[in-house]
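> Shown below is the structure under consideration.
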Amino acid sequence: MPESDHLQLARDLYGAYAAGDRGVVERMLSDDFEFFSPADVGIDRDRYFERCWPNSGLIDEFRFERLFERDGEVFVTYESTKTDGKRMRNTEVLSFSDEKLRRAEVYFGWDL
């Protein structure tokens, strides 16, 4: 898959997350999806939706500071605005298998 398609998939993923559209996100994740963060190391797809998905209701929008692909991975640094008006910044590394997100690594940033 060309780089630009992975970048668009990443944009679509964050857009669906901010919109709270779980159906779109479910279709975008591979069956063997893995999620990594300091709080959740190597959890599977089901556990991701159980532990992490509820946070989608706290996010209004994402603004990309960095979005590029290198060696098949998409690197994203974003600032997001929460529903309470607070802002935060994170960096994530996304790995795709064709048109599905296979792995996400989240590196927590800070509140802005």
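The values are calculated or read from the model by the stated rules, or taken from the named source; none is laboratory data. The model shown is predicted, which means the values in this text are computed figures rather than measured ones. Cβ atoms come from the backbone with ideal geometry, glycine included; neighbour counts cover every protein chain shown.
> Given the options SER37, SER95, name the one that is in contact (Cβ under 8 Å) with a residue 24 or more places away in the chain, hydroxyl-bearing (Ser, Thr, Tyr) and surrounded by 12 or more Cβ atoms within 10 Å (Cβ to Cβ).
From the options SER37, SER95, the qualifying one is SER37.
> Continuing with this model, one more query. Of the residues that sit in region 98-112 and are assigned to a strand (DSSP E or B) and touching a helix residue (DSSP H, G or I) at 6+ places or on another chain (Cβ under 7 Å), which one is surrounded by the most Cβ atoms within 10 Å (Cβ to Cβ)?
Only one residue tops the list, namely LEU101.
> Name the residues in region 45-77 that are small (Gly, Ala, Ser) and either surrounded by 15 or more Cβ atoms within 10 Å (Cβ to Cβ) or under 18 Å from VAL24 (Cα atoms) (or both), would you?
SER56, GLY57, listed by residue number.
> Let me ask something else. Step by step: first the residues of region 42-90, then only those that are part of a loop (DSSP other than H, G, I, E, B) and farther than 22 Å from ALA19 by Cβ, then the one that is farthest from the chain's Cα centre (by Cα). Which residue is that?
Pass one, region 42-90, residues part of a loop (DSSP other than H, G, I, E, B): 42, 52, 71-72, 83-86.
Applying the additional criterion that residues be farther than 22 Å from ALA19 by Cβ yields 42, 71-72.
Numbers: GLY42: 15, ASP71: 18, GLY72: 16 Å.
Checking each candidate, the answer is ASP71.
> So, one more: Could you grab the pairs with beta carbons closer than 7 Å, sequence gap of 6+ or different chains, first residue in region 11-27 and at positive phi, second one small (Gly, Ala, Ser)?
Filtered contacts from region 11-27: GLY20/SER56; GLY20/GLY57.
> Are there any pairs, at least 6 apart or on different chains, whose C-beta atoms fall under 6 Å, with the first in region 53-80 and in contact (Cβ under 8 Å) with a residue 40 or more places away in the chain and farther than 21 Å from GLU34 by Cβ and the second in a strand (DSSP E or B) and small (Gly, Ala, Ser), and if so, which?
ILE59/SER80; PHE62/SER80
> Counting only residues that are surrounded by fewer than 16 Cβ atoms within 10 Å (Cβ to Cβ) and in contact with a strand residue (DSSP E or B) (Cβ under 8 Å, 6 or more places away or on another chain), which one in region 78-87 is farthest from ASP5 (Cα to Cα)?
By that ranking, first place goes to LYS86.
> For region 9-41, how many residues are of a type outside the set (D, E, K, R), under 14 Å from SER95 (Cα atoms) and either touching a strand residue (DSSP E or B) at 6+ places or on another chain (Cβ under 6 Å) or not in a helix (DSSP H, G or I) (or both)?
Going through region 9-41 one residue at a time, the tally reaches 7.
> Go through (1) assigned to a helix (DSSP H, G or I); (2) farther than 18 Å from PHE108 by Cα; (3) at pLDDT 95 or above for ASP5 and report which single condition fails.
Condition not satisfied by ASP5: (3).
> Follow-up question, since we're still on this one. Run HIS6 past the list (1) surrounded by 17 or more Cβ atoms within 10 Å (Cβ to Cβ); (2) touching a helix residue (DSSP H, G or I) at 6+ places or on another chain (Cβ under 8 Å); (3) touching a residue at least 24 places away in the same chain (Cβ under 8 Å) and report the number of the one that doesn't hold.
(2) is the only condition that HIS6 fails.
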